[in-house]
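Taking it in order: structure first as structure tokens, then the write-up.
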Amino acid sequence: MVSVSPIIRKLSIPEFTINAPVLVDVYIQAMNYDKAIRDTRIEVWRRNSQNPGFTAVTALVDDQVVGVAYGFNGSPDHWWQHQLRRGLRQLGGPTETEFHIISDYFEVAEVHVHPDFQGHGIGRRMMHELLQDKASSYAILSTPEIEDEANKAFSLYRSLGFTDLLRHFRFDGDQRPFAVLVASLPL
Ligand SMILES: CC(C)(COP(=O)(O)OP(=O)(O)OC[C@H]1O[C@@H](n2cnc3c(N)ncnc32)[C@H](O)[C@@H]1OP(=O)(O)O)[C@@H](O)C(=O)NCCC(=O)NCCS
């Protein structure tokens, strides 16, 4: 395997906003999404950067952006938290522990590595950088379900200590089932 030496570093909010088109391109390539979503995603990502606790990390190889991860503090005002609460309610919860979790978490909204650079430890390093020194007690993320958890995303999250909060959960407006995973911070 070719060895790569990426620079992993945080992005300020202005850096994130200016570079949003390039960062979204990495996301589209990593997820193999249609380019038609580009402009909408750029707008959503820029809006997300206004959330309290917003933190973004990038990976650079020879000045090329090859990875991006970002997140922000969870909030009862966010659509995403409403969805999680609905999911927990459907299972009879939230339990006391789940209530603590959804009251005090950092949402890992996105983590992506360009396909040419996956499997070199970049995702792992970005997650550590992103979740370093967080005030929140937990990190929560969601990832599409895949049989036997057989992809790099599940492998990465499991090896970082993420455990199940919800499984086969369907967010409103998305037909795909998702796993919602949680880890105690610090990792
Ligand atoms: C998921 C993703 C961010 C992980 O980043 P990455 O840089 O490829 O992952 P890393 O190299 O840091 O590997 C982390 C772990 O993944 C696993 N992994 C690495 N390469 C793997 C491979 N070829 N097959 C299966 N698991 C693998 C290992 O468990 C590894 O842990 P280790 O370092 O202890 O061996 C990246 O692969 C990606 O962008 N995938 C496509 C988009 C995506 O799924 N994003 C997340 C959506 S929620």
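The values are calculated or read from the model by the stated rules, or taken from the named source; none is laboratory data. Small disclaimer: the values here were computed from a predicted structure and weren't measured. With ideal geometry, Cβ positions are generated from the backbone for all residues, glycine too; neighbour counts draw on all protein chains shown. All accessible areas refer to the heavy atoms of the entire protein, side chains included, with ligands and DNA or RNA removed. Shrake-Rupley method; radii C 1.70, N 1.55, O 1.52, S 1.80 Å.
Residues within the reach of a label modelled at Val44 (point 7 angstrom out along Cα to beta-carbon, backbone nitrogen below 14 Å), restricted to region 132-175, are 142-144, 171-175. Relative to the longest principal axis of the Cα atoms of the chain, helix 13-31 runs at roughly 80 degrees. Taking each DSSP H run with n ≥ 4 as -39500 (n - 2.57) and averaging over every residue of the chain yields -11000 deg cm²/dmol at 222 nm. Per residue, the accessible area of region 7-184 comes to 51 Å² when a 1.4 Å probe rolls over the protein heavy atoms. Compute the Rg/Rh shape ratio of region 91-187: radius of gyration over Kirkwood radius, all on alpha-carbon atoms. That ratio is 0.96, to two decimals.
Helix 38-48 and the long axis of the chain differ in direction by around 60°, with both axes built from C-alpha atoms.
Relative to the longest principal axis of the Cα atoms of the chain, helix 79-90 runs at roughly 40 degrees. Restricting the calculation to alpha carbons of the chain gives Rg and Dmax of 16.0, 50 angstrom. The fraction of accessible area contributed by carbon and sulfur in the chain is 50 percent, rounded to a whole number (1.4 Å probe; ligands and nucleic acids excluded).
If the chain linking Phe99 and Ser75 were pulled fully straight, counting 0.36 nm for each residue of separation and taking away their Cα-Cα distance, it would gain 7.4 nm.
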